[in-house]
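Have a look at the structure below before the remarks.
None of the figures in this text is laboratory data; all of them are computed from the coordinates on show. These numbers come from a predicted model, not from an experiment. Methodologically, a virtual Cβ is constructed for each residue, glycine included, from the backbone with ideal geometry; neighbour enumeration extends over all protein chains shown.
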Amino acid sequence: MSLSYSCNGHICENLLVMDSFVRFLKEREQEQLIKILSFLFYIFRHDDLKEMLDSNKDSLKLEAMKRIVAMIARGKNASDLFPAVVKNVACKNIEVKKLVYVYLVRYAEEQQDLALLSISTFQRGLKDPNQLIRASALRVLSSIRVTIIVPIMMLAIKEAASDMSPYVRKTAAHAIPKLHSLDPEQKDQLIEVIEKLLADKTTLVAGSVVMAFEEVCPDRIDLIHKNYRKLCNLLIDVEEWGQVVIINMLTRYARTQFLNPNESLLEESSEKAFYASDDEEDEDKKAEVTTLEKRKPYVMDPDHRLLLRNTKPLLQSRNAAVVMAVAQLYFHLAPKAEVGIIAKALGMFEPYLKSFYIRSTDPTQIKILKLEVLTNLANEANISTILREFQTYIKSMDKDFVAASIQAIGRCATNIGEVRDTCLNGLVQLLSNRDELVVAESVVVIKKLLQMQPEQHSDIIKHMAKLIDNIQVPMARASILWLIGEYCEHVPKIAPDVLRKMAKSFTNEEDIVKLQIINLAAKLYLTNSKQTKLLTQYVLNLAKYDQNYDIRDRARFIRQLIVPTDKSGALNKYAKKLFLALKPAPVLESPFKDRDHFQLGSLSHLLNAKAAGYQELPDWPESAPDPSVRNVEVKDSVCAERTVLTGPEGAGVLLLQTTRGSSNMQDLPKKRPKALTKKHTIAPSGSIKMYELLHRITGEGLAVEYCFSRQPFSPDPNMVAVQIQFTNNTNSETKNLHIEDPRLQSGMRIREFAEIGLQPTGESVTVVMGIDFCDSTQAANFQLCTHTRKFFVSIQPPVGELMTPTFLTENNFKKEQGKLMGMNEILEKLTLGEKCVNEHVIVERVTATANLSRVPCGSDKECRFAGKTVSSGCLVLVTVTTKEGGGAQLTVNCEKMVIGTMLVKDILQALSQ
Amino acid sequence: MIHSLFLISNAGDLFLEKHWKSVISRSVCDYFFEAREKAVEPDNVPPVIRTPHHYLINIYQFKKLMFLFSKLGVCFIVDVLYRMCDYFGECSETTIKDNVVIVYELLEEMLDNGFPLATESNILKELIRPPTILRSMVNTITGSSNVGETLPTGQLSTIPWRRAGVKYTSNEAYFDVVEEIDAILDKSGTAVFAEIQGVIDACVKLSGMPDLTLSFMNPRLLDDVSFHPCVRYKRWESERVISFIPPDGNFQLMSYHISAQNLVAIPVYVKQNISFFETGSSGRLDITVGPKQTMGKTLECLVVTVHMPKVVLSANLSATQGTYNYDPVTKILVWDIGKLNPQKLPNLKGSLSLQSGAPKPEENPSLNIDLKIQQLAISGLKVNRLDVYGEKYKPFKGVKYVTKAGKFQVRT
């Protein structure tokens, strides 16, 4: 007892001390104390984390960073750790580093001064040999939203834009919009970078740079001209998200550059119709003909066609966004006849009618959209099925959906005259539904339908008049009253009775109902004043003192109109005409009308309101701008084609080997001069020799030639690329060209080209196949099959085609040569041929014989070449030392002695000619 | 583009946020919570919500909400969201909470400044290796990390979906043809609408760079197909074979759709009688399920789900097979039948009690059926052969067929 007492005493004492202390302080000092305390708490809050971050162990740092990032993810403030975290930006552990980056990007904006401490680390990272580190340094640097570093960012972006790695260039493209949003004044410089990156030939960069273009300078359509065809051709190999952005941009581009394919068609047909009717008037006809002549017939720009053709296969993408993008492109750009491939607008969804049937488990917004589709698809043929389907919807538990269904029935009834009566009957049955909302909605729809042909439906109007006792929903009551008033002549006995009832309940009605009561009273007064004069007066008097000024106003206005007094002017005479004028039947419209002007698939289209950042799709131009702006200088494109998959022709050949662009060849724009195309695809450089695989005569009209294109074969780097050209000289099409039954030496492998489905008469097709010869000159035998014949053919490589160039420095060359002495070295003396007068000719002869590259060399007496065998990667080193008087010495170093010996023989022959 | 992402649990707990541009206060989610309250069912929340400065776009997955806002291209963003869900697979709120750092790192890699950077899951798995128990143990001991140090090879090649240098001791390729029947049957049991949604899931564990060709016995069946980016469109168009260099591991090769014009076999019939009485606040329920066109296979995992009207308080039923459960809160009756025995058809019968005084429900509830048939693709689609080119080994190959009920609804 005593113990606990004393304890309590202590607490009391302490409290008292505190209390007196606090009281002792003045109010202002109290405030300061609280500040100091919270500051102390603030300092020590994350002490443990700070300690861990300062330790030497990476595992502790990692643990700390993980906890910090978890805090950020949950939205907790961790900004006070900034100094401790930023110190670790140079940490060697890559995971710690990444997490520090995450932290930095999140808080740099709040702690600008401290963030600057980390910049030098990123600048160092930009020079790192590892491309992933270069890229992530740029990513983080550009994500730090601190204005002081704008010049540094600009510089980094410019450098990265010409980086060797396409991944880093992609990151540069991503950084552009970031810098633009941080400092819009950099726009001009950024556009320069965009222009440069747009010319990039890799698929990796294409999507990102177009995204940057869309964000920074979507109006600079002129930048696209030169890249248009390239983008179209690359499209299929770009990653999915890039495809979406590019397709959307190209849609806009096409709307500014090409003519409307539909407009001219329309005019043409109308003109023809005009002809048919006016046969007799010759003069008119002549005039017409001249106008027609002036008007050029519409021919689709080949580039417009190219876009449509190259986007079509993407409809099969697994990515809904890509499919949607292509669909909107066809919707906005294609001739109406072709829109069908996305699903045929106007009747095009008809075969899929049942796919839009509604399940009770669909979310409401989906139900409403499906209902809209079904209503739009309704026609004479399918209306009975649709109505039966609608009937089941009316029983749904989802009341919003039921209301929408009833409206849909109404719309079907207005659009299709045949079923109007059926619909009306169905709706009248609904009037006895238990649910008031259903009844109310039906009344509203029936009112609209009756307006179309009131004469035939007086019984329905009577039925509805009876309903007024039961229905409580104001909108429905108002609708019934309006109907009775409007058609009071059809129900002369009931109408006054309804007015009597309503006059009784007037004061308790909702405002819209009150207005309709006044309306009904006025109409009855004009048609049947004998029975209703007093009632009308009574109603108008009640309305005069209503709380709502609208109602008071309306009552005063109507009284003046219908009740003749001395003051009432000329209008009184026309009162009947005013009130009982024939009113046009309402059009039941789709709630989704009016959104056509937004680009399909855009946020604005969904919301039916212009969203921030929405770019209007431009209208077609009156006349097409100059199409030649899209022509690319040939020289430029040829150099590029060699290295990467690009440019129309290059893409055709190389894509065959890669992924899915297969045989885009046939899809090339026809505009290009044919001879040029041939030259590039078949013989990339003059030195490449063509070999015959199948003579025109033995092949019964099918001629086949091949060459070793010396391109790396991308599906399998251990294979030699063999380019095969088929020329169909027969009078018929050749079908299903493919390879069968390869007979190969053990170890050899063949990668067949994709089957050529159809080759028209007189055309040439080029494909690439890969053969792994296992570094031997044994022939690869196989059968070449068409749909009718099989031909035995064989490809035997010259030894020089079994290697690919490697790049060595002079020192490396000497080092490697030193390793390949003795048995592996072959020395031959020779006399140079008459034409081998200088170094240049020697180099040309050697590289024509073997696929080697030149190695830099200090002495002008020596020429060195290096390569390695395709299959096993053994080095092949060749040295030619010239002596005075036309003599020379040839040295070949190669681990594979057979190859070495054969190569010596071939080179000797080439040089001594 | 995508500005920020918030993950919200079913209970309304905001448990993860990520900003790709400057930070937006989480108070913006209040607009969403407001809409959600109005919508009653989480399914019914409008997919796009306008706020004065942002657009909130939300999707509902695995009983949790992903939700964010952005400026442009709805379809685009929704798809990005679904792709994120793909990567995480069937994940729950707890798995995300447990791996919050990895999820955060992933989000960081997937989008840059709100624009997708790498969504191919093969690449992501190389950049940030998915956690396993073994790896997390090794990591704690050796201090190594889950983060890849070099750029994934796929990122640079023209076949980004496959990493280089794949090696397996046993080479295997398995394909699962999974078909789902979407159907609406009317009261009398005739199909108002039926179609088949199929997918071919693949699990390919092959070394090197194999080039595969998959052909079907009856490819003409498929009229609407979409492919994984690895599939060569032109070969499909000209020859109706699927030619591709596969990604490593599990992926969805293609999905297809067999439309309502073709006759779709309905494997099950349902005899039902659900009625509510005018007086006495009660109702009766009697459901019998039987096999219809099953091609001689057994129906498995049969489940009947009924969304009862709000006034149904409880159900007193007896099932000849399986178990039933009625949740009076969600008003969902689930009858789990299991395997269907054609000799003795399962039946569920009994009475329902309604809230007293409430008017009897207008509509009878519709039944949702779930089922599974092993070793059968209901469309009759058959894989003919799989050829491997470009590699020397002979892989082990296998094809499995499964038919399931998709959105299979019986109106009453």
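Here are the numbers:
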read-out: Nearest-0.05 FRET efficiency for A:Lys735 and B:Arg26, computed from C-beta distance (R0 41 Å); value: 0.05
read-out: Paramagnetic reach from A:Gln778 in the stretch A:892-907 [backbone N under 18 Å; point 7 Å along Cα→Cβ]; value: A:896-900, A:902
read-out: Simple spin-label estimate for A:Ala199 and A:Glu862 in nanometres, 7 Å along Cα-Cβ; value: 3.9
read-out: Scattering curve values for the stretch B:268-374, log₁₀ I(q)/I(0), Debye with Cα scatterers, q = 0.21 Å⁻¹; value: -1.06
read-out: Over the stretch A:389-499: Rg over Rh, Cα atoms, Kirkwood Rh; value: 0.96
read-out: Estimated vicinal HN-Hα couplings, Hz - the stretch A:59-69 in sequence order (Karplus 6.51, -1.76, 1.60; Gly, Pro = x); value: 5, 5, 4, 4, 4, 4, 5, 4, 5, 5, 5
read-out: Ranked B:Val28, B:Val306, criterion: other C-beta atoms within 10 Å, fewest first; value: B:Val28, B:Val306
read-out: For A:Leu617, residues with placed amide H under 5 Å, excluding near neighbours; value: A:Gln599
read-out: Amide H partners (placed H, <5 Å) of A:Glu895, local residues excluded; value: A:Leu875
read-out: Whole-Å semi-axes of the stretch A:38-217's equivalent ellipsoid (Cα gyration tensor); value: 33, 17, 13
read-out: In order through the stretch A:134-151: 3J(HN,Hα) via Karplus (6.51 cos²θ - 1.76 cosθ + 1.60), integer Hz, x for Gly, Pro; value: 4, 5, 6, 4, 5, 4, 6, 4, 6, 8, 7, 8, 10, 5, 4, 8, 3, x
read-out: Global form of the stretch A:106-190, assessed from the alpha-carbon gyration tensor, a/c cut-off 1.5; value: oblate
read-out: Long-range amide H partners of B:Leu299 with built H, under 5 Å; value: B:Leu340
read-out: Estimated vicinal HN-Hα couplings, Hz - the stretch A:526-540 in sequence order (Karplus 6.51, -1.76, 1.60; Gly, Pro = x); value: 6, 9, 9, 5, 4, 7, 10, 4, 5, 4, 4, 4, 4, 4, 5
read-out: For the stretch A:801-912, the fraction of alpha-carbon pairs in successive 10 Å shells from zero, as %; value: 15, 53, 30, 2
read-out: Efficiency of FRET from Cβ geometry, A:Leu467 and B:Asn341, R₀ 51 Å, rounded to 0.05; value: 0.45
read-out: Charge tally in the Cβ shell below 14 Å around A:Arg854, where Lys, Arg are +1 and Asp, Glu are -1, A:Arg854 excluded; value: -3
read-out: For the stretch A:480-584, Kirkwood radius (reciprocal of mean inverse C-alpha pair distance, Å); value: 13.7
read-out: Exposure proxy order (Cβ contacts within 10 Å, fewest to most) of A:Met464, A:Met324; value: A:Met324, A:Met464
read-out: Kirkwood-type radius of the stretch A:707-826, with distances r between different C-alpha atoms, in Å; value: 16.6
read-out: Three-way shape call for the stretch A:357-453 based on the alpha-carbon gyration tensor, with the a/c threshold at 1.5; value: oblate
